[in-house]
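The structure appears right after this line, and notes come after that.
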Amino acid sequence: MKATMVPIDKAGRVVIPKWVREGVNLQAGDELKVSVEGQRIQLELVGEDASLVRKGHALVFRGRSGKTITSDLVESLRGERLASLVQGTRARRK
């Protein structure tokens, strides 16, 4: 496991390094569960989100539910994304 040292500022804040945020698709607005075990502080992503996010020119599946990714789920998300693109195109034409 890769590790790095991060400082705590006067307000008690810690910046999560970019390589960590990108590695788990952590985005602004996501929620983290904080727990403590002895001297260990653990942050865990919470939520049942499943979506497609843009990474460069590709759409990447983003999910944290722990559920198995099925072709039905991927097709459902793809259909939602295509529908939103079609609606956006129609709105720009008006």
Checklist line | Leu52 long-range amide H proximity, modeled H, under 5 Å | finding: Arg62
Checklist line | Listed peptides 9-19, 75-85 by packing density, highest first (mean Cβ within 10 Å) | finding: 75-85, 9-19
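Coordinate-derived values only; no laboratory data. Everything numeric here is computed off the predicted structure, so don't read it as measured data. A quick note on method: Cβ atoms are made from the backbone with ideal geometry, for glycine too, and the neighbour counts reach across all protein chains shown.
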